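The values are calculated or read from the model by the stated rules, or taken from the named source; none is laboratory data. No experiment lies behind these values; they were computed from the predicted model shown. Heads up, the Cβs are rebuilt from the backbone with ideal geometry, glycines too, and the neighbour counts pull from every protein chain shown.
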Amino acid sequence: MLQKRIEAYLSGKIGAESVAVSHLQRIPGGASRETWSFDATWPENGKEVARGFVLRRDPDASLLETERDLEFRVMDAVAGHGVPVPKMYWLESEGAFLDRPFFVMERIDGCETSPTKVLLDPRFFPLRTRLAERFVDILARIHSLDWRARGLDFLGAPADEGACGAMEIEKWEGVVGRDALEPQPVLRAAFRWMRRNLPPPAQRIVLIHADYRTGNFLCDTEGEIRGVLDWEMVHLGDPMEDVAWACIRPWRWLGDENIGGLIEREQFYTQYEEASGFTVIPEAIRFWELLGNVKLAAIFLTGARSFCEGRTRSPMMAFLGRNIARLELEIMDLMEV
Amino acid sequence: MRPTAIESLRAAQAALAELIAPELASAFALDATQTVQMLLESLVSEWDTAAANLSRDNETLGSLLLAAGEALRGAAKSNESLVSIVSEIEQRLREDGATSLVLSDLASRNASLRATLESVLVAFEDLTGRPGSKNIDEARTRIYKHLREVAARGWSFWDVSSFRGRMAAIQSSGGTDDALRAVG
């Protein structure tokens, strides 16, 4: 039973004679890993300590083939440097304790992450401007982090500022090549288009969250972002990549043109420029927005393959694999074909 | 008379929404039922027209490949990879296109035609806009028109959120190739 196994694991980690786990429940979201929430209590110096945890366990099959070690190490490294993230506790890279690798992190209570809640719950309406400001400010902070000083060289920097675009094309073209189950003329043509229309060199090589968007942060009812989540795709690259990813249509949840359902595009650019010191370059954004849509389609192809090969029975994987068409429409718009 | 496939799928959706979901206490299970609802909705949206669409697409793809082959033939003279694409087109068009109306047969034919189209389109991306590429540019434009029409079909969960405005504009324009391009 998972609860008992978590109790045994925590006892060893905390050094407590007994740990009681309660309210263990799997929570939706985070499709690349299983996410479990639970409370734990244990005696410490004659008192009872109670804490909420989140456990992220590798699935049998996933939307993304990512290293949980990488996500853990980066979140741990950026904590306390102006980027709000849950405190990271323990990482297990083997399946000895819970069958599959996992990590345990702090649970941040009293927050929402679902775009439906954040954008459509009336409690958040008056907070939208504040939330947008924080959203932009934190992105700028991620980009201003000294990744060398934080020991993040292991992420592997592009050869130079001009290599960022080609490096990402290579990565995602590889995923499409590996996982596509049927011909993908639009995606293949888009890769060709991108190779002919590489963006200008990055203004500086920075830490890229690579999935920074509405839906991947925890915000409270004061409009404060208290945790940036889902760092699975983190890497080093061009800051415009993150700016453009936040802009892509799939994350404009309200069906209008506002970025992330939060802020007008021009305002987003202006605030980001002020906060980061970088200049938003339209041709770079076009390239990275196109790559973002292709990347999302590639992620869905990975999920679809997992489903079709029987590595998962998740309806989400089947469903997403059937939702690439709208991305193709967006890709063709951006290519202006 | 018996319930149609679509009516049966609707019954499954109703059961999920009205009987099963209210009994669920877990947020994860509720989330899974919502995903299944959307999966069923996507099946409903294409069920009735799937065979007709595939059959028509296969005809269109044949015609697009024919035009692409003619456009490439001129450029292929001194280029081995283009010669090979032209030869692939010829072979594909020689194959018996008169498939049955069984969906998997139609889909299989569609996949082989689209595989060739993929090679063509990648080549076109390298050749477009060059001096003397008029025929290629025209064929390329026709191919993208078709791909846009296919991509705009059916139902996507994004149509009720992110793509809401975009798809409303497409649908109000009649959803034709030209309309798609106009709102693009």
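Just for the stretch A:19-38: of the residues that are touching a Lys or Arg at 6+ places or on another chain (Cβ under 8 Å) and in a loop (DSSP other than H, G, I, E, B), which one is nearest to A:MET1 (Cα to Cα)?
Applying the filter and picking the extreme gives A:ARG33.
Taking A:GLU112 as meeting all but one of (1) at pLDDT 95 or above; (2) surrounded by 14 or more Cβ atoms within 10 Å (Cβ to Cβ); (3) under 20 Å from A:ASP220 (Cβ atoms), write down the number of the exception.
Only one criterion is unmet by A:GLU112, namely (1).
What pairs can you find where one residue is in the stretch B:129-157 and over 20 Å from B:LEU113 (Cα atoms), the other is assigned to a loop (DSSP other than H, G, I, E, B) and at pLDDT 95 or above, and their Cβ atoms are less than 9 Å apart, with a gap of 6+ or different chains?
Short answer, once both residue conditions are applied: B:GLY154/B:THR49.
For the stretch A:189-225, what are the residues that are within 30 Å of A:THR35 (Cβ to Cβ) and of a type in the set (Lys, Arg)?
A:ARG213
Specify the residue that is surrounded by the fewest Cβ atoms within 10 Å (Cβ to Cβ); the eligible residues are those in the stretch B:135-172 that are more than 28 Å from B:PHE124 (Cα to Cα) and among the polar types (S, T, N, Q).
B:SER172
Considering B:LEU101, B:LEU82, which residue is more than 14 Å from chain A (Cβ to nearest Cβ) and surrounded by fewer than 16 Cβ atoms within 10 Å (Cβ to Cβ)?
On the way: B:LEU82 fails: surrounded by fewer than 16 Cβ atoms within 10 Å (Cβ to Cβ).
Selected residue: B:LEU101, the only one of B:LEU101, B:LEU82 that is more than 14 Å from chain A (Cβ to nearest Cβ) and surrounded by fewer than 16 Cβ atoms within 10 Å (Cβ to Cβ).
When you go through A:ALA246, A:ALA298 one by one, which is the residue that is crowded, with 24+ Cβ neighbours inside 10 Å, within 14 Å of chain B (Cβ to nearest Cβ) and either touching a residue at least 60 places away in the same chain (Cβ under 8 Å) or not aromatic (Phe, Trp, Tyr) (or both)?
Values: A:ALA298 fails: within 14 Å of chain B (Cβ to nearest Cβ).
Answer to the selection: A:ALA246.
Among the residues of the stretch B:1-60 satisfying the criterion of being among the acidic types (Asp, Glu) and within 14 Å of chain A (Cβ to nearest Cβ), which is nearest to B:ARG94 (Cα to Cα)? Let's see the steps before the verdict.
Kept after step one, since they are among the acidic types (Asp, Glu), are these residues of the stretch B:1-60: B:7, B:18, B:23, B:31, B:41, B:46, B:48, B:57, B:59.
Filter again for within 14 Å of chain A (Cβ to nearest Cβ), leaving B:31, B:41, B:46, B:57.
Values: B:ASP31: 48, B:GLU41: 38, B:GLU46: 30, B:ASP57: 17 Å.
Among those that are among the acidic types (Asp, Glu) and within 14 Å of chain A (Cβ to nearest Cβ), it is B:ASP57.
Have a look at A:LEU91, A:LEU131, A:LEU98 and point out the one that is surrounded by 14 or more Cβ atoms within 10 Å (Cβ to Cβ) and under 30 Å from A:VAL280 (Cα atoms). Even if it seems obvious, please write down each step before you answer.
Working: A:LEU91 fails: under 30 Å from A:VAL280 (Cα atoms); A:LEU98 fails: under 30 Å from A:VAL280 (Cα atoms).
So the residue among A:LEU91, A:LEU131, A:LEU98 that is surrounded by 14 or more Cβ atoms within 10 Å (Cβ to Cβ) and under 30 Å from A:VAL280 (Cα atoms) is A:LEU131.
Determine whether the stretch A:308-327 contains at least one residue that is more than 11 Å from every other protein chain (Cβ to nearest Cβ), in a helix (DSSP H, G or I) and either surrounded by fewer than 23 Cβ atoms within 10 Å (Cβ to Cβ) or at pLDDT 95 or above (or both).
Initially, the stretch A:308-327 is screened for residues more than 11 Å from every other protein chain (Cβ to nearest Cβ), giving A:308-312.
Those still in the list that are in a helix (DSSP H, G or I) too: A:308.
Subsequent filtering for residues that are either surrounded by fewer than 23 Cβ atoms within 10 Å (Cβ to Cβ) or at pLDDT 95 or above (or both) retains A:308.
Scanning the stretch A:308-327 turns up at least one residue that is more than 11 Å from every other protein chain (Cβ to nearest Cβ), in a helix (DSSP H, G or I) and either surrounded by fewer than 23 Cβ atoms within 10 Å (Cβ to Cβ) or at pLDDT 95 or above (or both).
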